[in-house]
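Sharing a structure with you now.
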Amino acid sequence: MHTGEKTAGEMRFRSAFVPHDISAPIAGAIAGTKSGPLAGLTAAVKDLYDIAGYRTGGGSPEWLEAHAPAAANARAVQKILDAGATVMGKTVCDEFFYSVSGANAHYGTPVNPRAVGRLPGGSSSGSASAAASGVCDFALGSDTGGSIRIPASFCGLYGLRPTHGRIDLTGAMGMAPMFDTGGWFSSVPAVFRAVGHVLLGGEAVREPIRQVIVLDDAFAQCDPEVNALLRGFLQAASTGMPAQTTGTLSTQGFDEWREIVRIVQAREVWKSFGAFIEKHKPRLGPGIKERMEFAASVSESDAAALRAKIPGVRSLIRGVAKPGVVLAMPSAPCIAPLIVTPASEQESFRVRVMRLTCISGISGLPQVSVPAGTISGCPIGISFLGWAGGDEALLDLAFALAKFTGASLS
């Protein structure tokens, strides 16, 4: 184990496959135990989790500089080390985790190795980039508004946003605690499932999946070619899953739910970072600057009025996603946008993304993204939303569906 303070420059990790994917890497890998379920596997860690002796930057050079090195590993990091994994380094993330694009104005945009020239998706962009490039066997990320599901879809990876609270976030930077979850990526279904068995805590609700409801209103949010490919995947994979039916979640669309998440998240983001921003006045990147200005304008009364609606929405969604029932939906509404996409179009993309990602966020339910295929050479994922505590069933489903994606099972 390395100890003592290290600067970002000393921890710079270079990869021939994924340039700029590591923001604050370690001067030499940190080896885990010699035995355990993850022995022999390598991991990268989003720059949200503490690693003892190193600063945690949250995608912000000013935050990195203003904070002392961590005294201990984040609980999730310690769990994978205790299980035998070797930690290779920390990965770039969107600044203060406040984006789904994957870009970082300070460290650069991590490469999407499976859709070159396109965004990797954020905010766990560096972790997805590292896992998709083969730099590591799996990578830790986090998901508040889509930061596991969108990069998983764009980079052709398996990714899970767990039931809210099932991954211990002790020693991890908070963004919007009402929606924050841990998460991870892998290209290999068996590795993906094994990591879940190590990281997931809390109460598992173990039920076999008896029904898959294909959400027509969620599919209506995506591009026609995405809709066609994902429905084709479901048809081809029908022999590998329980009976499929169709249904809807909301008769009025998802914009009301998206707005609830947007406003409540903004208020919590400002509680997490507002004091630091007002004191240190960091140079915020494009998009992040505007969202932080908006977050500063959201009052507690504004947030409280919408926060009061969450229990009703949560009850509605959980009433459909009952134990034994999973909901099939697109992971993202489109393939990864080009890196050169104008800011105005990226904001439209963000709105479309949040119409889908708000469902898991507001309900607190687990959602797994599985690679479904490619469009114009670009990956796209399909998601399954499970019941509270049904994370293990989703891991098993992802593993079972791997034979329909062409992925190696081991």
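The values are calculated or read from the model by the stated rules, or taken from the named source; none is laboratory data. Since we're looking at a predicted model, the values are computed, not measured. FYI the Cβ positions are ideal-geometry reconstructions off the backbone, even for glycines, and counts take in every protein chain you see. Just so you know, the surface numbers come from the protein's heavy atoms only, side chains and all, with ligands and any DNA or RNA stripped out. Shrake-Rupley method; radii C 1.70, N 1.55, O 1.52, S 1.80 Å.
Kindly indicate whether G196 is of a type outside the set (K, R) and assigned to a loop (DSSP other than H, G, I, E, B).
In short, no.
Of all residues in region 350-392, which are assigned to a helix (DSSP H, G or I), aliphatic (A, V, I, L, M) and open to solvent by 20 Å² or more (accessible area, probe 1.4 Å)?
Matches in region 350-392: V351 only.
Which one of S299, S331, S315 is hydroxyl-bearing (S, T, Y) and touching a residue at least 60 places away in the same chain (Cβ under 8 Å)?
S331
For region 237-250, what are the residues that are open to solvent by 60 Å² or more (accessible area, probe 1.4 Å), touching a residue at least 12 places away in the same chain (Cβ under 8 Å) and not in a loop (DSSP other than H, G, I, E, B)?
Residues satisfying the conditions are Q244, T246.
Can you tell me which of T170, T109 is of a type in the set (S, T, N, Q), part of a loop (DSSP other than H, G, I, E, B), closer than 28 Å to R291 by Cβ and modelled with pLDDT under 95?
From the options T170, T109, the qualifying one is T109.
Now a separate question. Checking the conditions here, which among D47, D82 is within 20 Å of the chain's Cα centre (by Cα) and either open to solvent by 10 Å² or more (accessible area, probe 1.4 Å) or of a type outside the set (A, V, I, L, M) (or both)?
D47
Checking the conditions here, which among L284, L234, L229 is open to solvent by less than 80 Å² (accessible area, probe 1.4 Å) and either without any contact (Cβ under 8 Å) to a residue 12 or more places away in the chain or closer than 27 Å to T163 by Cβ (or both)?
L234
Go through region 177-191 and give me each residue that's more than 14 Å from the chain's Cα centre (by Cα) and open to solvent by less than 10 Å² (accessible area, probe 1.4 Å).
Within region 177-191, the subset more than 14 Å from the chain's Cα centre (by Cα) is 177-178, 187-191.
Of everything in region 177-191, just one residue is more than 14 Å from the chain's Cα centre (by Cα) and open to solvent by less than 10 Å² (accessible area, probe 1.4 Å), namely P189.
Can I ask one more? So which pairs qualify, if the first residue must be in region 75-94 and closer than 10 Å to T33 by Cα, the second must be open to solvent by 10 Å² or more (accessible area, probe 1.4 Å) and assigned to a helix (DSSP H, G or I), the Cβ gap must be under 6 Å, and the two must be at least 6 apart or on different chains?
A83/V198
In addition: Looking at E65 and the list (1) in a loop (DSSP other than H, G, I, E, B); (2) within 27 Å of I277 (Cβ to Cβ); (3) open to solvent by 20 Å² or more (accessible area, probe 1.4 Å); (4) without any contact (Cβ under 8 Å) to a residue 40 or more places away in the chain, which single condition is not satisfied?
Among (1) in a loop (DSSP other than H, G, I, E, B); (2) within 27 Å of I277 (Cβ to Cβ); (3) open to solvent by 20 Å² or more (accessible area, probe 1.4 Å); (4) without any contact (Cβ under 8 Å) to a residue 40 or more places away in the chain, E65 violates only (1).
Consider F154 against the criteria (1) surrounded by fewer than 24 Cβ atoms within 10 Å (Cβ to Cβ); (2) out of contact with any helix residue (DSSP H, G or I) (no Cβ under 7 Å at 6 or more places or on another chain); (3) not in a strand (DSSP E or B): it satisfies all of them except one. Which criterion is unmet?
Exception for F154: condition (1).
Could you pull out the residue among G364, G312, G253 that is modelled with pLDDT of 95 or more and at positive phi?
Values: G312 fails: at positive phi; G253 fails: modelled with pLDDT of 95 or more.
Only one candidate passes the filter, namely G364.
If you don't mind, another one. Of the residues in region 95-115, how many are closer than 26 Å to R262 by Cβ, surrounded by fewer than 23 Cβ atoms within 10 Å (Cβ to Cβ) and either free of Cβ contacts under 8 Å to residues at least 60 places away in the same chain or of a type outside the set (S, T, N, Q) (or both)?
2
Quick one: is G171 touching a His at 6+ places or on another chain (Cβ under 7 Å) and not β-branched (V, I, T)? Step through it out loud before you land on a result.
Working: touching a His at 6+ places or on another chain (Cβ under 7 Å): no; not β-branched (V, I, T): yes.
Here the answer is no, as G171 does not meet what is asked.
Which residues, taken from region 116-132, are hydrophobic (A, V, I, L, M, F, W, C) and surrounded by fewer than 24 Cβ atoms within 10 Å (Cβ to Cβ)?
The one that is hydrophobic (A, V, I, L, M, F, W, C) and surrounded by fewer than 24 Cβ atoms within 10 Å (Cβ to Cβ): V116.
Exactly one of these conditions fails for G196: (1) surrounded by fewer than 20 Cβ atoms within 10 Å (Cβ to Cβ); (2) touching a strand residue (DSSP E or B) at 6+ places or on another chain (Cβ under 9 Å); (3) over 24 Å from E259 (Cα atoms). Give me its number.
With (1) surrounded by fewer than 20 Cβ atoms within 10 Å (Cβ to Cβ); (2) touching a strand residue (DSSP E or B) at 6+ places or on another chain (Cβ under 9 Å); (3) over 24 Å from E259 (Cα atoms) applied to G196, the lone miss is (1).
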